[in-house]
Amino acid sequence: MFLSVFDIFKIGIGPSSSHTMGPMTAAVDFLDRLSTGENGKFKPSAVDRITASLHGSLAFTGKGHASDRAVMLGLLGFRPDAVDADLAEKRLAELHEASTLTVPACGNVKFDPDSDLVFDFGPALPLHANGMKLTAFDANGSILLADTYYSIGGGFVMTEAELIATENAPGADLHDEKEAVGYPFPFGSATEMLKMGTKSGLSIAQMKRVNEESVLGEDVLNSRLDAIWKVMDNCIERGLSQDGTLPGGLSVKRRAKAIHQRLLSQSGSNSQQPHMVNDWLSVYAMAVNEENAAGGQVVTSPTNGAAGVVPAVIRYYRDHCVDASREGIDTFLLTAAAIGGLIKHNASISGAECGCQAEVGSASAMAAAGLCAALGGSNEQIENAAEIALEHHLGMTCDPVRGLVQVPCIERNGMGAIKAVSAASLALHGDGAHFMPLDNCIETMRQTGQDMREKYKETSLGGLAVNLPEC
């Protein structure tokens with residue numbers, strides 16, 4: 001099994017990796033297929049009209065997650081990692097006015113946002129909670145190309161055929177097309193990871209680096225790691241500088257800027273409490289998730305809904321920990337990605353599949369492992385840190401109020417960051433020996449998600465989402 005660092009950490013836009021980035025990516029893929037006539041099966045110039053429908057969780061929380069906007073942006077040719085906000089708004093306005101897309105090789109294609117984009121509130125499609133259908137017609141109404149896409153978390157997208165193939169291959173993963181063959185350290189479990197580390201004498205980050213460099217080379221890997229951290233750090237800075245009210249109708253006010261200013265004013269004063277470090281962790285995480293809620297640029301870590309945890313703990317490491325270094329940030333990212341890959345491969349990082357334990361829980365495990373590694377922890381201590389953090393998120397539901405990634409998501413990232421630091425610290429005080437292996441904890445998370453009722457898995461039909469203030 002091999003999931004790249006850049007499968008886990010992807011630059012994109014808010015508010016959701018599965019509900020925003022996924023649908024946008026699917027729409028772009030559909031356009032690419034239309035532009036080739038599905039490899040010559042029809043003439044691209046014959047495409048006259050496109051329709052789209054959202055199903056399951058994509059329908060129930062799609063408005064709050066801007067899934068409809070994401071589909072339209074994808075059909076307009078925008079990709080999640082390269083959205084020019086001003087140009088996007090201009091193109092969306094033109095689409096609403098003209099109901100026409102300009103598709104490469106196809107020309108002008110009809111698409112009416114009011115009638116050709118449907119939220120289907122019936123039963124979810126059979127293979128996954130996040131389903132969407134895209135269909136292209138010719139001028140006579142005959143179908144030229146139709147496919148069902150599934151957004152499986154973290155911005156990953158599969159067609160129906162790809163998901164069926166995965167279902168028929170137990171233990172397989174969407175991105176197992178990057179076969180383990182040829183990778184020096186193809187660990188598919190934490191147990192294998194520790195054994196390979198012991199045999200090679202390498203840390204988890206070093207093994208991950210060797211795998212990545214076998215594909216990308218050292219210079220490209222370092223450059224891309226720099227780019228990921230730069231976007232994360234810039235996102236924190238933007239979040240700390242903005243105020244006002246978040247979009248979506250809940251009237252949730254941005255708080256990160258005011259809290260940050262208060263923390264700065266108290267630094268070094270007699271009023272500074274010992275637990276203030278928790279406030280710093282929270283404000284870094286909240287800054288990211290307020291930006292995400294506003295549709296800003298973030299890095300999936302491993303998802304948008306959990307995008308604040310890892311950046312917050314890296315920022316805490318850089319600005320508050322003794323002997324922090326730039327090399328330590330790379331060690332953090334490589335280690336965190338290794339843990340995130342194991343969780344995705346063996347369970348899920350999707351709130352629609354396993355609840356928020358799969359999002360903030362996974363992010364907290366990744367951050368705990370990354371911090372432990374950056375602070376010099378052994379492979380066994382790192383595995384222990386990840387297990388502690390994940391264990392204490394088990395059973396957490398995904399119940400966003402009105403489908404918006406705001407309540408409880410923004411604060412929840414702060415809590416996930418605090419747990420991550422606590423988990424890393426506990427692990428560093430031990431020798432790595434512990435009772436519950438990470439692999440068993442990941443399997444427990446998978447089973448818990450499987451048993452969890454659908455209304456608690458990113459549908460906004462249960463939990464906090466239905467227990468709202470009456471005023």
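Give the separation of the Cα centroids, region 277-331 to region 1-73, in Å.
Cα centroid to Cα centroid, the span is 27 Å.
What FRET efficiency, computed as 1/(1 + (r/R0)^6) with R0 = 41 Å and r the Cβ-Cβ distance, is obtained for Ser425 and Ala82, rounded to the nearest 0.05?
My answer for the efficiency is 0.60.
Over region 180-466, what is the mean sequence separation of C-alpha contacts under 8 Å (at least six apart), divided by residue count, expressed as relative contact order in percent?
Contact order relative to length: 20 percent.
Return one number: the angle in degrees, 0 to 90 and rounded to the nearest 10, between the long axis of the Cα atoms of helix 22-35 and the longest principal axis of the Cα atoms of the chain.
Around 40 degrees separate the two axes.
On the first, second and third principal axes, largest extent first, how far apart are the outermost C-alpha atoms of the chain in Å?
Computed over the chain, the largest-to-smallest principal extents equal 71, 55, 43 Å.
Relative to 2.2 N^0.38 Å, what does the C-alpha radius of gyration of region 89-152 come to as a ratio? Two decimals please.
In units of the globular-protein estimate, region 89-152 measures up at 1.30.
Could you give the dipole magnitude of region 280-360 about its Cα centre, charging the beta-carbon of Lys and Arg +1 and that of Asp and Glu -1, in debye to the nearest 20?
60
For the chain, take the longest principal axis of its alpha carbons; what is the angle in degrees between that and the long axis of helix 309-320, to the nearest 10 within 0 to 90?
Orientation of helix 309-320: about 40 degrees from the principal axis.
Once fully extended, how much extra length lies between Asn234 and Gln273, figured as 0.36 nm per residue of separation less the alpha-carbon to alpha-carbon distance?
Extending this stretch completely gives an extra 11.3 nm.
Against the longest principal axis of the chain, how steep is helix 85-98, in degrees 0 to 90 to the nearest 10, with axes from Cα atoms?
The two axes meet at around 20 degrees.
Sorting check: for 391-402, 417-428, which peptide has the highest mean count of neighbouring beta carbons within 10 Å, and how do the rest follow?
417-428, 391-402
For a footprinting-style exposure proxy, rank Ser142, Ser362, Ser4 by other Cβ within 10 Å, fewest first.
Ser142, Ser4, Ser362
Give the calculated FRET efficiency between Asp319 and Ala139 to the nearest 0.05, with a Förster radius of 45 Å applied to their Cβ-Cβ distance.
So, using R0 = 45 Å, E works out to roughly 0.15.
Given +1 on the Cβ of Lys and Arg, -1 on the Cβ of Asp and Glu, and no further charges, what dipole in debye does the chain carry about its Cα centre, rounded to the nearest 20?
Result for the chain is approximately 780 debye, rounded to the nearest 20.
Could you point to the residue in Gly77, Leu390, Ala285 farthest towards the positive end of the chain's charge dipole, with +1 and -1 charges on the Cβ of Lys/Arg and Asp/Glu respectively?
Ala285
On a 22 Å Cα-Cα criterion, which of the cross-link pairs Lys10/Lys110; Lys10/Lys43; Lys195/Lys344 come out too long?
Lys10/Lys110; Lys10/Lys43
Okay, helix-only estimate at 222 nm for the chain: each DSSP H run of n ≥ 4 adds -39500 (n - 2.57), divide by all residues, round to 500 deg cm²/dmol; what do you get?
After summing the helix terms and dividing by residue count, I get -15500 deg cm²/dmol.
Hey, what did region 17-167 get for relative contact order, percent, Cα under 8 Å, at least 6 apart?
35
Based on the mean of other Cβ atoms within 10 Å per residue, sort peptides 275-285, 246-256 so the most packed one is first.
275-285, 246-256
So how much slack lies between Gln261 and Leu394, counting 0.36 nm per residue of separation and subtracting their Cα-Cα distance, in nm?
Gain on extension, Gln261 to Leu394, equals 44.5 nm.
As an exercise, use a Förster radius of 45 Å and the Cβ-Cβ distance of Ser99 and Asp226 to find the FRET efficiency, rounded to the nearest 0.05.
0.60
With the calculation restricted to Cα positions, what are the radius of gyration and Dmax of region 180-242 in angstrom?
Spelled out, the Cα radius of gyration and Dmax of region 180-242 are 15.7, 49 Å.
Report the Stokes-Einstein translational diffusion coefficient (µm² s⁻¹, integer) for region 17-167, Rh taken as the Kirkwood radius over Cα pairs, at 20 °C with viscosity 1.002 mPa s.
The calculation lands on 140 µm²/s.
Taking 0.36 nm per residue of separation and subtracting the Cα-Cα distance, what length does fully extending Lys199 through Asp243 add?
Contour length minus Cα-Cα distance gives 10.7 nm.
Could you line up Leu194, Leu58 from fewest to most neighbouring Cβ atoms inside 10 Å?
Listed from fewest to most nearby Cβ atoms, that is Leu194, Leu58.
Cut-off is 10 Å between beta-carbons; in what order do Asp114, Asp319, Asp226, Asp439 appear when sorted fewest neighbours first?
Asp114, Asp319, Asp226, Asp439
No lab work stands behind these numbers, since they all come straight from the coordinates. No experiment lies behind these values; they were computed from the predicted model shown. Backbone-built Cβ (ideal geometry, glycine too); neighbour counts: all protein chains shown.
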